Amino acid sequence: MVQHERATETLVNKLIKEIQANKIGDATNKLPSEPELMAQYNVTRYTLRQALAKLSNMGYLYQAHGIGTFVRPRLDNSIISIQNSAGLTTKVSRQGKRLTTEHASIKTTTVQEAEFLPSASRLDPQESLWAVQRLRYLDDKPFIFERSYYLKDIVGDMPESALYGSLFDFIEKNDALKPGFQDEAIAAESMNSAMSTFFKLPIGSPVLCVYDDSYLNNGKLFAFSKISYDSHLMKLFMFKKI
């Protein structure tokens, strides 16, 4: 199963690059047939269909019943999709960009000391948390002011080195955790002094905040975060079928 997942992810990344470079699809943006794609990318029918399904869910493709699969009109390359499950590091790398963490810290705190709480919080005020703070840059420019909390009893040890990579990947590779779903809420807020210093903008400037509540597949909350962006630079994308 792991081998199939890797093959699917590899194909997804290849197809995204070709879609973004306008190198796939005919004059009507229609993809080649399944046999042609299987031969072109040297993959099985299962891997191809899994990859096409993922790309459809991510908004890169759409299927017209009885006609074929088509590339959607290319998205603005500055838009970040909030609809697919990949971590943000992976999402921006697919756009040819680089997301880095220049400053990070982790400490122990409790629920009652947290700066914010998940929307449907029933946590014990004395529950022990990892408090994570990260300042992240996109192609060396201030991009994300992040505050996250992880339930210590569930996630276990979090080495500081993990903060400078993809926390999404760190969680995914933890055999004791099985992430299930995530609730997101988006809010327009004003920059506080710490955000102002990071973004180099006046206090009170608009900031776009994405609140994530992350759950295991058994419905147990294991993390919650607040990801803040300069609202002038950030666009979020999702699609729906009608």
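Just a yes or no: is a residue in segment 3-14 under 16 Å from GLY68 (Cα atoms), modelled with pLDDT of 90 or more and open to solvent by less than 50 Å² (accessible area, probe 1.4 Å)?
No, segment 3-14 contains no residue that is under 16 Å from GLY68 (Cα atoms), modelled with pLDDT of 90 or more and open to solvent by less than 50 Å² (accessible area, probe 1.4 Å).
Would you confirm whether any residue within segment 220-234 is over 14 Å from PHE143 (Cβ atoms), in contact (Cβ under 8 Å) with a residue 12 or more places away in the chain and over 17 Å from the mean Cα position of the chain (by Cα)?
yes
Would you mind telling me which numbered condition in (1) aliphatic (A, V, I, L, M); (2) open to solvent by 50 Å² or more (accessible area, probe 1.4 Å); (3) modelled with pLDDT of 90 or more LEU216 fails?
Result: LEU216 passes all but (2).
From the list SER166, SER196, pick out the single residue that is open to solvent by less than 30 Å² (accessible area, probe 1.4 Å) and closer than 30 Å to GLN20 by Cβ. First the steps, then the outcome.
Working: SER196 fails: closer than 30 Å to GLN20 by Cβ.
Going through SER166, SER196 in turn, just one is open to solvent by less than 30 Å² (accessible area, probe 1.4 Å) and closer than 30 Å to GLN20 by Cβ: SER166.
Conditions (1) in contact with a Ser or Thr (Cβ under 9 Å, 6 or more places away or on another chain); (2) open to solvent by 80 Å² or more (accessible area, probe 1.4 Å); (3) in a strand (DSSP E or B), marked per residue:
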site	(1), (2), (3)
LYS107	no, yes, yes
SER119	no, yes, no
VAL132	yes, no, yes
SER161	no, yes, no
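When only residues in segment 15-37 that are buried (at least 16 other Cβ atoms within 10 Å of the Cβ) and without any contact (Cβ under 8 Å) to a residue 60 or more places away in the chain count, which is farthest from TYR62 (Cα to Cα)?
Ranking the qualifying residues of segment 15-37, first place goes to LEU37.
Mind checking which residues of segment 94-105 are in a strand (DSSP E or B), exposed (fewer than 14 other Cβ atoms within 10 Å of the Cβ) and touching a residue at least 40 places away in the same chain (Cβ under 8 Å)?
Pass one, segment 94-105, residues in a strand (DSSP E or B): 99-105.
Filter once more, so that each one left must be exposed (fewer than 14 other Cβ atoms within 10 Å of the Cβ): 102-103, 105.
The answer is SER105, and nothing else.
For the structure I just gave you, tell me whether GLU102 is within 21 Å of the chain's Cα centre (by Cα), modelled with pLDDT of 90 or more and of a type outside the set (Lys, Arg).
So GLU102 fits the description; yes.
Can you tell me which residue within segment 44-75, out of those that are open to solvent by 30 Å² or more (accessible area, probe 1.4 Å), of a type in the set (A, V, I, L, M, F, W, C) and outside any helix (DSSP H, G or I), is modelled with the lowest pLDDT?
Ranking the qualifying residues of segment 44-75, first place goes to LEU75.
Taking only pairs six or more apart or across chains, which ones have beta-carbon atoms under 7 Å, a first residue in segment 153-170 that is at negative phi and modelled with pLDDT of 85 or more, and a second residue that is exposed (fewer than 14 other Cβ atoms within 10 Å of the Cβ) and not charged (D, E, K, R)?
Within 7 Å, the pairs are ASP153/SER128.
Filter segment 214-239 for residues that are closer than 11 Å to LEU177 by Cβ and outside any strand (DSSP E or B) and give the result.
ASN217, ASN218, LYS220, listed by residue number.
The values are calculated or read from the model by the stated rules, or taken from the named source; none is laboratory data. Bear in mind that the values here come from a model prediction, so they are computed numbers and not experimental data. Here the Cβ is made from the backbone with ideal geometry for all residues, glycine too, and neighbour counts use every protein chain on show. Keep in mind that these areas ignore ligands, DNA and RNA; they rest on the heavy atoms of the full protein, side chains included. Shrake-Rupley method; radii C 1.70, N 1.55, O 1.52, S 1.80 Å.
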